[in-house]
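The values are calculated or read from the model by the stated rules, or taken from the named source; none is laboratory data. Model, not experiment: these values are computed from the prediction. Glycine also receives a Cβ, built like all others from the backbone with ideal geometry; neighbour counts cover every protein chain displayed.
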Amino acid sequence: MPRYDQWHMSDDTHVRELLLRTVQLVTSHPKAIVVEFDREADSVAFIVSVDPHDMADLGGNDGRIAHSLNILVGGIGRKLGQSMSVEIDCHR
């Protein structure tokens, strides 16, 4: 059962949480994952920062996982009437 405060999160926060949990499942260093978002007018860019060793997990196989995340988030954005995208970044 969702907690009370989850019902009051913004759409951006829900998508951020979905991305965080999804990327944690496909990486070797799930605790190192950080997902932030940058909102501009009617678009949102989600920036997923990962451990350097996990870049291959997300970008490997011709970037299929990163591409799949963009398809998923883009579809959610269309449903919400806004443009959404995912950028994968490496912790510095």
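Sort out which residues of segment 27-46 are β-branched (Val, Ile, Thr) and exposed (fewer than 15 other Cβ atoms within 10 Å of the Cβ), and write them in order of number. If you could, list the steps in order and put the result at the bottom.
Initial filter on segment 27-46 (β-branched (Val, Ile, Thr)): 27, 33-35, 44.
Once the filter is applied, which keeps residues that are β-branched (Val, Ile, Thr) and exposed (fewer than 15 other Cβ atoms within 10 Å of the Cβ), segment 27-46 yields only Val34.
Just to be sure before I move on: is Leu58 under 13 Å from the mean Cα position of the chain (by Cα) and at pLDDT 90 or above in the structure I sent?
no
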